[in-house]
Amino acid sequence: MARRRSTNGRGVQVEDTKVCVVMVGLPARGKSFIAQKAQRYLQWLSIDAKTFNVGNYRRTDAPHPSAEFFDTSNAEGERRRRAAAEAAIKDMLGWFRQGGVIGILDATNSTKERREWVQQVCTKEGIEVLFVESKCDNEDLIMANIRDVKTTSPDYKGQDPEKAALDFRERIRMYEKVYKSVDEDGDEGHLTYLKIMDIGSQVVINRIRDYLQSRVVYYLMNLHIRPRSIWLSRHGESEYNLDGRIGGDAGLSPRGHAYAKKLPDLVTQSVGDGRPLTVWTSTLKRTIQTARHLPSNYNQLQWKALDELDAGTCDGMTYQEIKDTFPEDFIARDEDKYNYRYRGGESYRDVVVRLEPVIMELERSEDILIVTHQAILRCIYAYFMNKDQTRSPWMNVPLHCLIKLTPRAYGTDEERYYADIPAVSTWRGKGSTAKHEDPGPDAAVI
Ligand code: ATP
Ligand code: F6P
């Protein structure tokens, strides 16, 4: 069947297809982790994605079930679990009908019968199905996962964590009795699936068809859960920052050079154990100068994709000059800062599209220090911190501050290290043409 390819009006190429990503696997195999990562990635790219977690539906009816509830010979348990799955699918189909593009069904879907049922229901609605299975038999990792996230689950609220862990192990045994890995018997070869074994040490892909499916698959193949952090810094204060000018390729101001000298100390302080980092800068002078005193055993790489948002014909102007020269553009940008594209330049939305390979590479990597620019940092920060894309262009990201992000199972921890070297503010509030404006506390927490 010929498929129509179009942009989604926002610069991201999508097919006119809808995809249901159906998670598969025993409990504590990272299904919810994978689901929420996929959802974030897609939403960040402005692809409408939503997760439907069957456990949440089941909890409305059976909030604190013990392991026996999940025994397949427990008819009442079976009935209630089926009802929870039906309710989740019903809501998901309703969401697709409203225009949703990628729905993620987060449940164990651990039997062939369940998978066949989901496949049929979706196919009837013209929705493609991509099964994503996480398979892992490393008992130490599974116990670590249970202790890490399951003992604090609402299922065990108020219960002793050790007892909760034992009960959860027993719950897994209940599922093991009926679990069939996708196509284990060789009779599910018609399904579209990605099987991730032992956190990606082996992957199997089958019948992946179109652009959206392959984007999701490629992204999921790059995920890992090794401990790591990502450090983000803007360049030191530049000569253009002092003048209130945007864009350009100016060098650092004297205070900016002082920040560059201080950066190695800040990094050492925040890394802790002295392990070397890999440094990514943009191709612009100010980020390269900022990174130049970092230890010589840090590998450095310049990315064009990390260059500041291109202001086109406004490059090098102050906000006052922009307002005087292009008054309508000045207003339009304030009205929709995320989507506004500078004449001959870029919008924040364009920046996200060009940053996609950076995010992909970040997901594959371990410790990385990125020295970049205000708009770029806002976009990367929004991805990891799950921030609303349309508001993040208004976020204050101060100069001379190192941000350390540490991804965890369900979220990202953040620490900030300030160099204590004064710098101008380059933040600008709606409507303002001030060269240097005090952002106030609200702009930091967008
Ligand atoms: P349940 O069926 O109970 O909802 P689940 O499979 O959704 O369980 P998660 O809640 O996602 O499990 O488990 C999160 C834990 O799994 C985290 O500690 C995360 O580090 C780990 N994890 C993430 N990806 C994988 C993977 N591919 N294999 C095994 N563990 C993983
Ligand atoms: O056991 C883990 C769990 O996430 C439960 O919280 C939830 O009720 C169940 O999986 C959903 O999957 P299934 O469709 O197999 O019942």
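The values are calculated or read from the model by the stated rules, or taken from the named source; none is laboratory data. Just so we're clear, the structure is a prediction, and the values are computed from it rather than from any experiment. Here Cβ is always computed from backbone atoms with ideal geometry, including for glycine, and neighbour counts include all displayed protein chains.
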| request: Filter segment 57-71 down to residues that are more than 10 Å from ligand 2 (Cβ to nearest atom) and more than 31 Å from the chain's Cα centre (by Cα) and give me whichever is nearest to THR108 (Cα to Cα). | output: ASP71
| said: Return the residues of segment 144-169 that are among the acidic types (Asp, Glu) and in a helix (DSSP H, G or I); say none if nothing qualifies. | reply: ASP148, ASP155, GLU162, ASP167
| task | Would you mind listing the strands (runs of 3 or more DSSP E) fully within segment 366-435 where at least 2 residues are crowded, with 20+ Cβ neighbours inside 10 Å? | result | 368-372, 401-408
| Is it true that GLU176 is of a type in the set (Asp, Glu) and either away from ligand 1 (no atom under 14 Å from the Cβ) or closer than 23 Å to ILE89 by Cβ (or both)? | no
| said: Within segment 123-143, take every residue that is touching a helix residue (DSSP H, G or I) at 6+ places or on another chain (Cβ under 8 Å) and either at positive phi or part of a helix (DSSP H, G or I) (or both) and give me the one that is nearest to ligand 2 (Cβ to nearest atom). | reply: ILE142
| note | Counting only residues that are crowded, with 16+ Cβ neighbours inside 10 Å and away from ligand 2 (no atom under 11 Å from the Cβ), segment 168-179 contains a total of 1
| GLY94: more than 15 Å from ligand 1 (Cβ to nearest atom), in contact (Cβ under 8 Å) with a residue 12 or more places away in the chain, farther than 16 Å from ARG171 by Cβ and not charged (D, E, K, R), yes or no? | no
| task | Consider only pairs whose beta carbons are under 7 Å apart and that are at least six residues apart or on different chains; among these, list those whose first residue lies in segment 108-129 and is more than 18 Å from ILE208 (Cα to Cα) and whose second residue is away from ligand 1 (no atom under 16 Å from the Cβ) and not β-branched (Val, Ile, Thr). | result | LYS112/GLU188; GLU125/LEU93; GLU125/PHE96
| query | Counting only residues that are among the small types (Gly, Ala, Ser) and assigned to a loop (DSSP other than H, G, I, E, B), which one in segment 65-80 is surrounded by the fewest Cβ atoms within 10 Å (Cβ to Cβ)? | reply | SER73
| remark: Of the listed residues (ASP334, ASP329, ASP310), the one being among the charged types (D, E, K, R), in contact (Cβ under 8 Å) with a residue 12 or more places away in the chain, in contact with an Asp or Glu (Cβ under 9 Å, 6 or more places away or on another chain) and under 25 Å from LYS430 (Cβ atoms) is ASP310
| message | Restricting to segment 17-52, count the residues that are in contact with a Gly (Cβ under 6 Å, 6 or more places away or on another chain) and buried (at least 20 other Cβ atoms within 10 Å of the Cβ). | response | 2
| said: Every residue in segment 72-82 that is in contact with a helix residue (DSSP H, G or I) (Cβ under 7 Å, 6 or more places away or on another chain) and either near ligand 2 (Cβ under 8 Å from one of its atoms) or modelled with pLDDT of 95 or more (or both), please. | reply: ASN74, GLY77, ARG80, ARG81
| request: Could you pull out the residue among ALA83, ALA88 that is within 14 Å of ligand 1 (Cβ to nearest atom) and assigned to a helix (DSSP H, G or I)? | output: ALA88
| remark: Taking segment 92-121 and keeping only residues that are within 15 Å of ligand 2 (Cβ to nearest atom) and either more than 24 Å from the chain's Cα centre (by Cα) or over 16 Å from MET23 (Cβ atoms) (or both), one is left with ASN109, SER110, THR111, LYS112, GLU113, ARG114, ARG115, GLU116, TRP117, VAL118, GLN119, VAL121
| Name the pairs: first residue in segment 263-279 and within 22 Å of GLN289 (Cβ to Cβ), second residue small (Gly, Ala, Ser) and surrounded by fewer than 13 Cβ atoms within 10 Å (Cβ to Cβ), Cβ to Cβ under 8 Å, at least 6 apart or on different chains? | THR268/GLY274
| field | strands (runs of 3 or more DSSP E) within segment 195-313 that include 2 or more residues under 26 Å from the mean Cα position of the chain (by Cα), buried (at least 20 other Cβ atoms within 10 Å of the Cβ) and at negative phi | value | 230-234, 278-281
